[in-house]
Amino acid sequence: MSKNRTLMINEIFYSIQGESLSVGEPTTFIRLSGCPLRCSYCDTNYAFKDGKEYDFDKILKVVRDYNSRFVTVTGGEPLAQTNCISFLDLIANEYNVSLETSNAYSIREVNTNVTIVLDVKTPKSNESDSNMEENYNYLKNTDQIKFVICDLDDYEWSKKYINDYKLLEKCNILFSPSYDEMPLEDLANRILDDNLPVRLQFQFHKYIWGDVRGK
Ligand code: SF4
């Protein structure tokens, strides 16, 4: 098994996309192991260490068996594994692929057929120092920037940040309440009061199944 064609995989599963502009689409999720960040609200800390080494062919076989048009590569932090870039090249033309990534790794080399969902870290995540602002230069207008909002201070910070970095000119902006922290209604009201041109979203899969693994 060539080490250049392997990834540490935490899980591969088939579910309904619960976030992003593809919400509701039946999707195959490839969750890569490992993440150096420690966000306060992380709901996938089981992916920090647990994983098995898969070569690319084995991953592709599992993905093909699910027979879904949509594939999401997520984590953990997928780009913490350098082979992720070449794996994305491999699947980018065959599927409708999205990459869920924190803003802590460069997205410069990510295949342009992949939709990037970039998670800008707010202060209450405790990881805002990890944000790589140069990433905004590489976003396509089909990409998405997500802010997970923990409270109204995070909301105000995000509003200013969007303005400071002119992010509305880059791509779609998604505001998502931190699960069990920020009431959805409060976030909705603030967006309406401010007439903020962002898209409110919530974790649709948790509405269906609750906070369970593999969904
Ligand atoms: S970047 Fe994602 S996986 Fe890593 S700690 Fe933050 S929420 Fe968890």
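The values are calculated or read from the model by the stated rules, or taken from the named source; none is laboratory data. Bear in mind that the values here come from a model prediction, so they are computed numbers and not experimental data. Positions of Cβ are backbone-derived with ideal geometry, glycine not excepted, and every protein chain shown enters the neighbour counts.
The table that follows gives values for the structure above.
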{"read-out": "Answer residue from segment 1-54, given it is assigned to a loop (DSSP other than H, G, I, E, B) and in contact with a Gly (Cβ under 8 Å, 6 or more places away or on another chain) and is modelled with the lowest pLDDT among those", "value": "LYS49"}
{"read-out": "Helices (runs of 4 or more DSSP H) contained in segment 142-215 and holding at least 2 residues among the aliphatic types (A, V, I, L, M), touching a strand residue (DSSP E or B) at 6+ places or on another chain (Cβ under 6 Å) and modelled with pLDDT of 95 or more", "value": "184-194"}
{"read-out": "Check on ASN111, away from the ligand (no atom under 16 Å from the Cβ), assigned to a loop (DSSP other than H, G, I, E, B) and at pLDDT below 95", "value": "no"}
{"read-out": "First in segment 170-183 and closer than 7 Å to CYS150 by Cα, second anywhere and buried (at least 19 other Cβ atoms within 10 Å of the Cβ) and of a type in the set (A, V, I, L, M, F, W, C), Cβ under 6 Å, 6 or more apart", "value": "PRO177/ILE149; PRO177/LEU187; SER178/VAL148; SER178/CYS150; GLU181/CYS150; MET182/ILE149; MET182/CYS150"}
{"read-out": "Only one of LYS140, LYS206, LYS160 that is touching a residue at least 60 places away in the same chain (Cβ under 8 Å) and either out of contact with any Phe, Trp or Tyr (no Cβ under 9 Å at 6 or more places or on another chain) or within 16 Å of the ligand (Cβ to nearest atom) (or both)", "value": "LYS206"}
